[in-house]
1. Expressed as an acute angle from 0 to 90° and rounded to the nearest 10, what is the orientation of the C-alpha long axis of helix B:377-390 relative to the principal long axis of chain B?
2. Given H placed 1.01 Å from N in the peptide plane, which residues other than close sequence neighbours of B:Arg338 have an amide H under 5 Å from its amide H?
3. Express the relative contact order of the range B:555-808 as a whole percentage, based on alpha carbon pairs under 8 Å and six or more residues apart in sequence.
4. For B:Lys390 and A:Ser116, FRET efficiency with R0 = 56 Å and r from the beta-carbon atoms, rounded to 0.05?
5. Name the residues of the range B:592-624 whose accessible area, probed at 1.4 Å, falls by at least 40 Å² once all protein chains are in place instead of their chain on its own?
6. Compute the accessible area per residue over the protein assembly as shown, keeping the other protein chains in place, probe 1.4 Å, unit Å².
7. Report, in whole Å, the centroid distance computed from the Cα atoms of the range B:159-180 and the range B:18-67.
8. How much of the accessible area of the range B:276-505, probe 1.4 Å, is carbon plus sulfur, in whole percent?
Amino acid sequence: MKNMKAKAFFSRNGSWILAMLGSIVLWILMGLSGNGITIRSLIDNAYTASFLAIAGLAQMLVVTTGRGAIDLSIPGMITLGAYVSMGVCNGSNAMIIPAILLVILLGVIVGLLNSSMVIFLGIPAIIATMAMNYIIVTGTMLINNTFNVFTIPSILKAIVQTRVMGIPIIIGIVVILALFIHFLLSSTSYGKSLLAMGQNLEAARLASVRVVRVEVLTYVLASVFAGIAGALISARVTGAYLGMGDNYQMESIACIVIGGTLMSGGRANAFGTLVGSLFLYLTISSMQLMGADAGIQSVVKGALIIALLLVGASENGEQRDGRRHKAGAEQA
Amino acid sequence: MNTETNRTFEEAAECAPLVRAEGFRVVYYPTVAVNCVSMTIPRGAIVALIGANGAGKSTLIKALSGIVRCDEGELYFDEKKVDLQHYSPSAARALGIRVVHQELSLCKNLTVYENFFIEQAQIVKKKFGWRKQAKELAKAALDKVFPGNGIDVSAGLNDLSIAQQQMVEIARATSDQNMRLLILDEPTSSLPIEQTLQLQQYLTKTAREGMTYIYISHRLKEVISIADSVFIMQNGNEKWRGGIRETSEEHMLKMMVEGMEGAGTLEEQSERPAHNPDVGVRCECYHTASLHNVSFQAIGGQILGLTGLEGNGQLDLLQEIFRCGRKRAKSGISIKGRVAYVAGDRKKEGIFPLWSILDNQVVTKAANTNLFRYLSRDWVQDSVQYWYDKLRIKSNGTSAGITSLSGGNQQKVLIARALVANADIILLDDPTRGVDQPTKNALYALFREAAASGKLVIWRTSDDAELRYCTDLMVLNSGHIVGKFDNTNVSHETIISLSFKSDDEKCEKIEEKRRRVRTPLFTFSLVALLVIYAICSLKSPLLLSKYGLQLMVVGFASLVLCSLGQTFIIGLGHVDLGVGAFCGLVNVICCTTLYDKPVLGTVFLASAFLAYPLMGYIIHKRRVPAIIVTLGMSFIWYGLALSLQSMPGGTCPAWIRTVFYTNTPVVNTLFFWLVAFIVLAIVFYRSRYGTVLRGFGNNETAMVNSGWSRAKAYMSIYALAGAFTFMAGILTSAINNASDPAASGSYTVLSVAAVIIGGGYFSGGVVTLFGAVCGAVSLTMIGVLLGLLKVSTDFTASIQGLVLILILSLRLLKKKEGKV
């Protein structure tokens, strides 16, 4: 019985536990090969990873709606968020709140448009959000030269750079955000509805879940988070530039896959996403340390995603087969 | 009608029997579906197998045809013993046993004759001209059974009405030359009267020639007119068997009912619960596609049973009430009180498999609260505990996974879900299917209790024995309410004869699917392409010239090939997120390694190409989602390309440029190759094996049952996709005479977009190669057009996006229009 429980636990959490162990191993290896095992190197990686984690959490929400949904407009929204926040602030602290409000408003609009295309026009999420991404990118390009986007308001800079006892507060913010999303998913009506519809849309509908409302809200949240991530990223890299979100396209998907979120929907893991993004960046920096070029880094990233998938599938695959068998018998 | 030809049962039994099944027993824990049934079927006989809902007919034939494994029993076919341990649908087929199932096993994305081919590939042998042969086969088979059927064998299955599809399914089975025994499960349920008679004539004629049939039908008149003998089942047992002359319609009805639990007059409720007028459903002359002129009224305190033969509108009525209860009511129906729905098909629309019992039970109550309300553990536990204890759900506590429960206990959880939510109207969709008797009894008591507390219970049941627990009954037949009873004044005979009464309901003619000429799937993309091209050439007549055309071909050649590759993958229901990166990798290898070290370059290219079928194999073997595998591979492709060449540069080997990109007096070779590849792709998809591959995209189970290998199909499709994307990389090299690892990145999403614009869907194997080509060209042309209109290139991507959305929205409107 205990064995069964452990097995069930592992099949649910296996991939991010592996990633966690992997992270520790990488950290130690990095320490051994470089400057010694210091907390500092771990924190530095966690710092870089925390920006990806925000995008990852946004992606996770959309993926959890199920039926292969992916939000491809996240990179565009990151760039837009960066431009709008930098542009509106123009270096002034007083304008931060209006700027963030504007970013949120834009996120709401983008999310509403995305979800309407998916729900009411029946366009597959991948296509709808891809088209939306193009549109946002163009919009950003149009405002490209109208603002000064290189002066960062000091408060925003402080949020991104301040360290308390050696730990950047942004890490704390991201952990709180993950806690918040974990809370949303596990202990609110919204979360239960979202996880239910991701597992089985028809069953959710028959169980009185307000599917449309939940789906719209999910896309809105994702876009808003992506926009805010953009504002923070631009503060870190001293300003907004075109294409700054592009890296987050595939990486946001990669980190949630590593984190144990199901791509088919219905299971999300906010902390797994944090671990996934940390693992991704530890992998990258340890490879940098070993002198691997960007190409090798990418290859290793891809191989990791597939390997984790196959490791996770060995358990689930059998289960799924068994279930199918049973289902077939019962239909008969 | 055919008394002369009818042999008596005794006479027929004297011949050596074709099939002898002994002591068949099938258990779906905890229900015994078939309990020790023995059956002997003489050669050349038509045996009718009848029984009320849930009598075990379907299970028996599934056991005979190898779909369901027998728990006990022996089977002799043609006097030879069959090894039931290793019995499967294909083994049954090899013996000559074929089944026409109620749920059709056709591939809807193929044409009629292609459906004949995928199942009868052993007949259609010709490599070339197989289409003609398959068409002849299909036509002959259809004409043989249904003379004057008027079905165009080249029509797509989707263009046929349900009745016509049923005809195709029947005719396809009869075209099998090895067939010895044909089992027909409700073959006439959707056939019009004329075709029913034709089928009967065909069956009696071929039976005289020695073919053997098992005929399952609810239409007793039909049974009497064609069968030699009748086999009546009840509760998984044989109830009665005998020659057709020894029985009559009344006798059969009586046999099906007699001895059934609670047969005779329905048991009167011990006490009728008080009515609660605050809760109720009222329908007046309510119509939908499947319900006709439905009028009834039900109020709190009732348990309203919906009965009738399966698929006569009970489920539609139930779902309609749920829908109207959740959203604004439509005219003709008014609902007072909150509704909750208890799904019958647990796996498909009931449980949430990733969740615990707790979450499964509380979901409806949770969904009914404010979206952001905090649901504490205590709140959840308190909500659930009462009903969890009361229903005595057998488990290790509420935090155990729902899938760890037995079917009956899962069902209890689903019912608890509705009760926890404290709904006023509980809609039950056959909730006791596959549940053991003690649990059933507990559920019955629960329903009564719910009604006693003023709730309205509406209960669709397929088990007639359950009707006695209802206070009121409605019998539905073809979407009409044909009987409304207070439980005290109705007998089983009345209900069954009302449900079985059907001949006058039969439609006279095949409902013609509106014969408007169906536009091919690629129409939209072709029109879009032409419109854009026309506007472009208005702006710049140069584009109409040969030079202009060539210039454009250069622009879209690689994307077109990538889209062809993507089409094969989406045709299987997968998505390849690595198309762009793979194209980029081939481009880089071609312009760096192949240029410097031809041998090593060739090795690199070959191994890159081989990765594609390998991917297909992994996806098949491990059942992992293609989208993630290809996503992972895209990182690998890109990384490899980047390692070979970090900055754009390189040179394309001269011979590749000569072959693929040289101006000849007639036309540039690039144009020639592009056309060649498009034609190749289209020809292949229309070839014998291409047809099989398309079939896999629509109905994998049917294809595997017809004997095709899934592994081979997956590997072929991925190899094909890889080959076309590979060529896209080669063409890119030839055109640019340089390489850039990142330059082809946008092809991934653009190729998906091209396929979708071209009329493709993500599921169901519906794609067109030609449409995808048009889509790819249109997407490129948008860029050209914007350039001509002097719009900054900044806008290209977003206008591509807008056009994409526009086209897809138009397609949706068109589809809706088609439905109305």
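The values are calculated or read from the model by the stated rules, or taken from the named source; none is laboratory data. The structure presented is a predicted model; accordingly, all values stated were derived computationally and were not measured. FYI the Cβ positions are ideal-geometry reconstructions off the backbone, even for glycines, and counts take in every protein chain you see. The accessibility values were calculated without ligands, DNA or RNA, using every heavy atom of the protein model including side chains. Shrake-Rupley method; radii C 1.70, N 1.55, O 1.52, S 1.80 Å.
1. Relative to chain B, helix B:377-390 is tipped by roughly 40 degrees.
2. B:Asp424, B:Ile425
3. 37 percent
4. Numbers: r = 43 Å, r/R0 = 0.77.
The formula returns an efficiency of 0.80 here.
5. When all protein chains are present, B:Arg622, B:Arg623, B:Val624 each give up 40 Å² or more of accessible surface.
6. On a per-residue basis, the protein assembly as shown sits at 40 Å².
7. First find each Cα centre; the distance between them is then 23 Å.
8. On the way: 4040 of 8670 Å².
Its accessible area is 47 percent carbon and sulfur atoms.
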